[in-house]
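The next block holds one structure in the form of structure tokens; read it before the comments.
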Amino acid sequence: MMDIMPLADEIVMKFRTYNGKRQYRRWNATKGVWVDPYWIDL
């Protein structure tokens, strides 16, 4: 009998400081692509 295991993408939060503002963006480590199209201010 085979076990079925759902596999979810691993999403990582990336942070930076740009022009004095703290920002974040989500990175899909499984697929190697950005989840968000732009950086988001905190």
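Miscellaneous remarks
- Within segment 9-20, residues that are touching a residue at least 24 places away in the same chain (Cβ under 8 Å) and under 10 Å from VAL35 (Cβ atoms) have Cβ atoms under 9 Å from residues that are of a type outside the set (Phe, Trp, Tyr) and surrounded by 10 or more Cβ atoms within 10 Å (Cβ to Cβ) in these pairs: ILE11/ARG26; ILE11/ASN28; ILE11/ALA29; ILE11/THR30; ILE11/VAL35, counting only partners at least 6 apart in sequence or on another chain.
- Hits in segment 1-35 (condition: open to solvent by 80 Å² or more (accessible area, probe 1.4 Å), at pLDDT 95 or above and of a type in the set (Ser, Thr, Tyr)): THR17, TYR18
The values are calculated or read from the model by the stated rules, or taken from the named source; none is laboratory data. Predicted model, so just to flag it, every value in this text is computed and none were measured. Note that we place each Cβ from the backbone using ideal geometry, even for glycine, and neighbour counts take in every protein chain shown. The area values use the complete protein model at the heavy-atom level, side chains included, leaving out ligands, DNA and RNA. Shrake-Rupley method; radii C 1.70, N 1.55, O 1.52, S 1.80 Å.
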